[in-house]
Amino acid sequence: MLKTRIITAVVLLAVLLAVLFGGYYPAFAAVLLLFLGATIMEAFQLFGSSRKQAVVIALFWVAAFAYTFMMRANSSLQFWFALSVAIWLVRFVPALGHGLPPPIGLRNTLLGTVYGLAIVGCFAAIAMFFSVSAVYLLSVMALVWVADIGAYFSGKAFGKRKLAPSISPGKSWEGAIGGGIAVLLFGAALILSGDPMVADTFVVKLHASKGWLATMAILAVIVAASIVGDLFESMLKRRAGVKDSSKLLPGHGGVLDRIDALVPVLPFAALIHAWL
């Protein structure tokens, strides 16, 4: 299992780096749409759609995304990012406390559609960050990865108090705090390094524009948002009675399992980017 997981991770990393730094936009667009389709398909299956229905839904959403965000100039990106952030604040964060509706019926269908919109906001943010630079995009995503790694090792070493035992028993407050500290230290290291290679990164540009206090506060919000995204997908999987969103990535589960924490983070970071 570990060998399979490592092989899959290496292949994904190779594809990601080749697409991001290959200098060929159609390749980036194709991979982005492929991953969007897989994510939408997995998400709607978690909301009770059959595989065939989910494929049809995913094809429709991918076509709509390609037309809206890639085939013509889009002047409403900030609207989409703000909508995504509002969805998380108004609907999904409260759901962590009061739960989800039954996996059938109109309420479930509406919730699935709203989650699909949040996913669209995430992928629109990916496209926008890539238009700045590949390094800039990776620098935003790296914050979530650092938070996840920090939370894993902190939770293993110190985890005692469960963060959300009814949703994800493996997560602890100590892990969450450790992930937050890891991101703050990572951000501070980038800022203090003064290395020209990190000048084109989200954290460094944020600090240059808004200073230390705002930068640390925003990084803390990003960590919190990543935890919320992870927990919300865990709720969906627990309700659906599945361990992974799919088996598309051997050893890793589905695409949604790998990007669940990015879904709320990237639109928020995109709004902050517009503020800089």
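The values are calculated or read from the model by the stated rules, or taken from the named source; none is laboratory data. For clarity, every value in this text was computed on a predicted model and none was experimentally measured. Neighbour counts are summed over all protein chains in view; Cβ atoms, including those assigned to glycine, are modelled from backbone coordinates with ideal geometry. Remember, those area values only see protein heavy atoms, side chains included, never the ligands or the DNA or RNA. Shrake-Rupley method; radii C 1.70, N 1.55, O 1.52, S 1.80 Å.
Remarks
- Answer from Ala58, Ala43, Ala30, Ala54 - the residue that is within 25 Å of Ala118 (Cβ to Cβ) and touching a residue at least 24 places away in the same chain (Cβ under 8 Å): Ala43
- Residue check, Ile149 open to solvent by 60 Å² or more (accessible area, probe 1.4 Å), within 21 Å of the chain's Cα centre (by Cα) and closer than 30 Å to Phe28 by Cα: yes
- Residue list for the range 72-99, restricted to those being outside any helix (DSSP H, G or I) and either at pLDDT below 90 or hydrophobic (A, V, I, L, M, F, W, C) (or both): Arg72, Ala73, Asn74, Ser75, Ser76
- Among the residues of the range 42-58, those identified as in a helix (DSSP H, G or I) and either at positive phi or open to solvent by 30 Å² or more (accessible area, probe 1.4 Å) (or both) are Gln45, Arg51, Lys52, Gln53, Val55, Val56, Ile57.
- Any hit, the range 108-127, residues being open to solvent by 40 Å² or more (accessible area, probe 1.4 Å) and in contact with a Pro (Cβ under 6 Å, 6 or more places away or on another chain): no
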